[in-house]
Amino acid sequence: MRRQMILGLPIHALGYHQGCWRLPEVPADGTLDFRHAADCARIAERGKFDFLFLADSAAVRNLDDPAVARDREHEQVKNEPLALLCALAMVTERIGLVATASTTYNEPFNLARSLATLDHISGGRAGWNLVTGFSGDEARNYGFDAVPGSDLRHERAREFVDVTNGLFDSWDNGAFPRDRETGIYFDRAKMHFLEHRGKHFKVRGPLDVATPPQRHLPIITAGYSDQANEFTAEIADAVYAAAPNLDVGRAYYAAVKGRLAKYGRAPDSLKVLAGIMPFVGRTRQEAQDKFEQLQSLIQPEVGLGMLRLHNFPDLRGHDLDGPMPEVELSRGRYDMFSDALLEKVRRENLTIRQTYEVVAGGFWHLGKVGTAADIADTMEEWFSTGAADGFNIQAPYLPGSAADFVELVVPELQRRGLFRTEYETPMLRDRLGLPPAVSRYDASRLRQAGE
Amino acid sequence: MSGVTSRRMTLGLALSGPGGVTKFRNMLASAQMAEGCGFDFLWLTDRPGLDPITMAAALAATTQRIGLIPSCAAPYHRPYNLARRLASIDHISRGRMGWMLQPVADAALASKFGNLPLADVATAHAVAAEFAGVVAALWDSWDDDAFIRDKASGLYFDRAKFHWLDHQGAAFKVRGPLDTARPPQGLLPLLIAGGSALAEQLAAGQGEILHGLPADLRAAQGERAVMSRRLEQAGRAPAALRMLPGILPILGRTPTALPSGPGPLPVLGTPEAIAGTLCEWFDSGAADGFIIHLPDTADAIEAFAAGVIPVLQRHGAWQPSPLGATLRDMLGLGHAPSRYAEQAAQAVA
């Protein structure tokens, strides 16, 4: 069969564009309203998306920085991903459900239990976006004064995954005969104590939940550091890449897949998902109008805050329509993006306002304004020239632009044979092209039999 | 039959046995049956099987009126994680969530979780009290009217209406604020399982439901008197804690062997006789309602409810709660103002 794209829909508050919540058609109180999330989920399922994706950070970030106008943004309060996805599992039937959960601020047994529960109640549709947490605001909600170092976080994350997968292997296939005649509920010979004793965790097992339908949940990662990329190559089934243009996208794709051989993995065993923010219209003019309407709704305080979070200094008090002054960028998580942004500012002589509009328009990822054919062209180019195996569709405003994407772009992708017309398989693993997960105990028996 | 009182009996349901624990559709059938029969809430006890907290979120999306109270073992959770998850389910269910906090998990469970040594029981209760306090305080992070969401002015929330927690206690250090709005109920009712002086102390401080295990009416009345004193010492009104003893109804003929030992009180007899006992306890003031323990099957729930609940209703003790009632409403607990609103009101006074 011809290779097809993977598509995810992040339900990110009211949309990815900072002006979105002020659009008349967007429900400004939707961030906590289950009906809003359910609307988005049903739209994505109608479009045969592979999965819903809930990003997360267990904190309200940068609330104490007066130069970041959080009070004018829509995304600071939300529903916790695992709770929301368990509820969304009840109003959907086929779509995958990817929950973000941190290995730094959870315990393996608890998280394994919650993820297994989501997988059970959804019939094998759960996925885990594994994060280690980068924000100090988050760390301070869990007893730390600052975020633990990246090496330590990734070391803990490796052990965490080993433990959760070990717990998922607590029961062999067929461990629960639940036989009313013989009265045997589970078969002791098919149960395994994990007896894990590592640097970060000591966990005996077994997991007190039957084996999740997928056994091991697909793991998605993101991140830009060397540690994060190495972790991705070792552990992840898919990675959420950030690439603002085709060159960066191809370079990232080649680099991260190039690391796989070291772990005995085939290039195809890791799916690279690019982020794209599509501003789609029935005509180019309609798309451009929507884009400009959204850009006009960005408040200057919010725009300046966005620049601040991209390493720029506090620019309050400067003329927004004047040239960007000489600035020295601070160093942080987004260096790669902020450096590229400043380069673009200098190259194109952007004003301050134009600079934050670039960020708001999807600078980090791929922003694209146009018709369904225009957007499909771009996606096809990325997909067929080694920059992406699929995309997270960063709907600028929800649910409207997700519905537009499903109505306009999805049929175009289907016409080109690039995307499914029906769901083929119930489980997320299968849909991502992953082989069935084999229990570590079965794997070891198979190895012994082969020797 | 007594006259109509302003008090309303609360009926909670606790399920036992392996019925629905690994099969979600069984659990869903039980929850929907309990809701259809008029139970005010379902206590999702921590049995082997699906995680009761995330399962509550799924049940919230598939029920309309029943309250949901998952058990949470304090030693295995972090306050910030639990506060946001429970608040989110309160948002999703529109105010139908409660929580049960277990200070000490049993040793068998403890060994499975791993690297968290079992503190001695007293310390565990002190930690649980701090835990419950931090969770409740995180729920107050945002005032009820913090979110303006004014498209014209562009103001989404009022900076003057959130609160840093900056909690630094013996067990936890949490900065806040919570990353979700104040839950619809403000404060989710906290259920504590009684049975020890330490548990009663925890309930008197922060509990809003006490699941007691009195052996008879006199013991229940004694427990009520003890709790009234404890509540007074804690500066709370006697009605701030709802006393819901555990009852194990056994319909029909007397079985050969009654369950013995600690646990919910077996009450035998015809539906009329069981309802009579419940009304006697309720009318005497020894109980505000009951947590009914039943095997986890839709049939068992229906059999109890069809026989007993209509009698309670005829007696005037129980009536169905209206659609849209929060769990606090169903328990007869008043609105829970935020601690900051209370402080401001006191400052003005």
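The values are calculated or read from the model by the stated rules, or taken from the named source; none is laboratory data. What you see is a predicted model; the values in this text were computed from it and never measured. Virtual Cβ from ideal backbone geometry, glycine too; neighbours counted across all protein chains shown.
Scan region A:320-338 for residues that are over 26 Å from residue A:224 (Cβ atoms) and in contact with a Ser or Thr (Cβ under 9 Å, 6 or more places away or on another chain) and the total you get is 4.
Inspection of region A:140-147 identifies at least one residue that is at negative phi and more than 9 Å from chain B (Cβ to nearest Cβ). The residues listed here are A:49, A:53; of these, the one that is modelled with pLDDT of 95 or more, more than 14 Å from every other protein chain (Cβ to nearest Cβ) and part of a loop (DSSP other than H, G, I, E, B) is A:49.
Among the residues of region A:1-40, those that are farther than 10 Å from residue A:74 by Cα and of a type in the set (Lys, Arg) comprise A:2, A:3, A:35.
For the structure I just gave you, tell me whether residue A:63 is facing chain B (nearest Cβ under 9 Å), among the aliphatic types (A, V, I, L, M), farther than 29 Å from residue A:380 by Cβ and part of a helix (DSSP H, G or I). No: the conditions fail for residue A:63.
Among the residues making up region B:287-322, those that are part of a strand (DSSP E or B) and either modelled with pLDDT of 95 or more or crowded, with 18+ Cβ neighbours inside 10 Å (or both) are B:289, B:290, B:291, B:292, B:293, B:294.
Results for (1) of a type in the set (Lys, Arg); (2) closer than 30 Å to residue A:358 by Cα; (3) in contact with a Gly (Cβ under 8 Å, 6 or more places away or on another chain), shown as yes or no for each residue.
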{"residue": "A:7", "(1), (2), (3)": "no, yes, yes"}
{"residue": "A:10", "(1), (2), (3)": "no, yes, no"}
{"residue": "A:23", "(1), (2), (3)": "no, yes, yes"}
{"residue": "A:35", "(1), (2), (3)": "yes, no, no"}
{"residue": "A:87", "(1), (2), (3)": "no, no, no"}
{"residue": "A:93", "(1), (2), (3)": "no, no, no"}
{"residue": "A:96", "(1), (2), (3)": "no, no, yes"}
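Of all residue pairs spaced 6 or more apart or on separate chains, those with beta-carbon atoms under 6 Å, a first member in region A:365-386 that is over 19 Å from residue A:290 (Cα atoms) and a second member that is among the aromatic types (Phe, Trp, Tyr) and in a helix (DSSP H, G or I) are A:386/A:253.
Kindly list the number of the only condition in (1) away from chain B (no Cβ under 11 Å); (2) without any contact (Cβ under 8 Å) to a residue 24 or more places away in the chain; (3) touching a Gly at 6+ places or on another chain (Cβ under 8 Å); (4) not aromatic (Phe, Trp, Tyr) that fails for residue A:218. In the conditions (1) away from chain B (no Cβ under 11 Å); (2) without any contact (Cβ under 8 Å) to a residue 24 or more places away in the chain; (3) touching a Gly at 6+ places or on another chain (Cβ under 8 Å); (4) not aromatic (Phe, Trp, Tyr), residue A:218 misses (2) alone. Among the residues making up region B:20-42, those that are surrounded by fewer than 20 Cβ atoms within 10 Å (Cβ to Cβ) and within 11 Å of chain A (Cβ to nearest Cβ) are B:23, B:25, B:28. Do the conditions hold for residue B:45, that is, is it within 9 Å of chain A (Cβ to nearest Cβ) and more than 21 Å from residue B:336 (Cβ to Cβ)? It is false that residue B:45 is within 9 Å of chain A (Cβ to nearest Cβ) and more than 21 Å from residue B:336 (Cβ to Cβ). Any residue that is surrounded by 24 or more Cβ atoms within 10 Å (Cβ to Cβ), under 26 Å from residue A:154 (Cα atoms) and of a type in the set (S, T, N, Q) - is there at least one of those in region A:52-59? No, region A:52-59 has no match at all. Is it true that some residue in region A:279-301 is part of a strand (DSSP E or B), crowded, with 21+ Cβ neighbours inside 10 Å and out of contact with any helix residue (DSSP H, G or I) (no Cβ under 9 Å at 6 or more places or on another chain)? Within region A:279-301, not a single residue is part of a strand (DSSP E or B), crowded, with 21+ Cβ neighbours inside 10 Å and out of contact with any helix residue (DSSP H, G or I) (no Cβ under 9 Å at 6 or more places or on another chain). Within region A:229-246, being out of contact with any Lys or Arg (no Cβ under 9 Å at 6 or more places or on another chain) and either over 16 Å from residue A:101 (Cβ atoms) or surrounded by fewer than 19 Cβ atoms within 10 Å (Cβ to Cβ) (or both) holds for A:241, A:242, A:244, A:245, A:246.
When residue A:37 is tested against (1) more than 8 Å from every other protein chain (Cβ to nearest Cβ); (2) under 15 Å from the mean Cα position of the chain (by Cα); (3) crowded, with 23+ Cβ neighbours inside 10 Å, only condition (2) is not met.
Looking only at residues in region B:207-233 that are among the basic types (Lys, Arg) and free of Cβ contacts under 8 Å to residues at least 60 places away in the same chain, the one that is surrounded by the most Cβ atoms within 10 Å (Cβ to Cβ) is B:230. Scanning region A:100-127 for residues that are at the interface with chain B (Cβ under 10 Å from one of its Cβ atoms) and within 19 Å of residue A:228 (Cβ to Cβ) turns up A:101, A:102, A:105, A:106. Are any residues in region A:394-415 touching a helix residue (DSSP H, G or I) at 6+ places or on another chain (Cβ under 6 Å), under 14 Å from residue A:7 (Cβ atoms) and not in a helix (DSSP H, G or I), and if so, which ones? Listed by number, the list holds a single entry, A:395. Out of the residues in region B:78-120 meeting the condition of being at pLDDT below 95, in contact with an Asp or Glu (Cβ under 9 Å, 6 or more places away or on another chain) and within 10 Å of chain A (Cβ to nearest Cβ), tell me which one is farthest from residue B:46 (Cα to Cα). Among them, the one singled out is B:115. Can you tell me how many residues within region B:143-169 are in a loop (DSSP other than H, G, I, E, B), in contact with a strand residue (DSSP E or B) (Cβ under 7 Å, 6 or more places away or on another chain) and of a type outside the set (A, V, I, L, M)? The qualifying residues number 1. When A:400, A:433 are checked against the criterion of being surrounded by fewer than 24 Cβ atoms within 10 Å (Cβ to Cβ), touching a residue at least 40 places away in the same chain (Cβ under 8 Å) and at negative phi, a single residue qualifies: A:400.
Within region A:72-83, one or more residues are touching a residue at least 40 places away in the same chain (Cβ under 8 Å) and either more than 20 Å from the chain's Cα centre (by Cα) or farther than 26 Å from residue A:45 by Cβ (or both).
Residue B:152 meets each of the listed conditions (1) loosely packed, with under 15 Cβ neighbours inside 10 Å; (2) touching a helix residue (DSSP H, G or I) at 6+ places or on another chain (Cβ under 7 Å); (3) not β-branched (Val, Ile, Thr) apart from (2).
Can you tell me which residues in region B:170-197 are within 13 Å of chain A (Cβ to nearest Cβ) and assigned to a strand (DSSP E or B)? B:173, B:174, listed by residue number. Here is the figure for region A:66-93: residues that are at the interface with chain B (Cβ under 7 Å from one of its Cβ atoms) and under 29 Å from residue A:124 (Cα atoms) total 12. Within region A:22-29, is there a residue that is at the interface with chain B (Cβ under 9 Å from one of its Cβ atoms), closer than 22 Å to residue B:60 by Cα, assigned to a loop (DSSP other than H, G, I, E, B) and more than 20 Å from the chain's Cα centre (by Cα)? Yes, there is a match, as at least one residue in region A:22-29 is at the interface with chain B (Cβ under 9 Å from one of its Cβ atoms), closer than 22 Å to residue B:60 by Cα, assigned to a loop (DSSP other than H, G, I, E, B) and more than 20 Å from the chain's Cα centre (by Cα).
Hey, can you tell me all the residues within region A:117-153 that are under 24 Å from residue A:195 (Cβ atoms) and either surrounded by fewer than 24 Cβ atoms within 10 Å (Cβ to Cβ) or polar (S, T, N, Q) (or both)? Passing the criteria: only A:117.
In region B:50-72, of all residues being part of a loop (DSSP other than H, G, I, E, B), polar (S, T, N, Q) and more than 7 Å from every other protein chain (Cβ to nearest Cβ), the one that is surrounded by the most Cβ atoms within 10 Å (Cβ to Cβ) corresponds to B:63.
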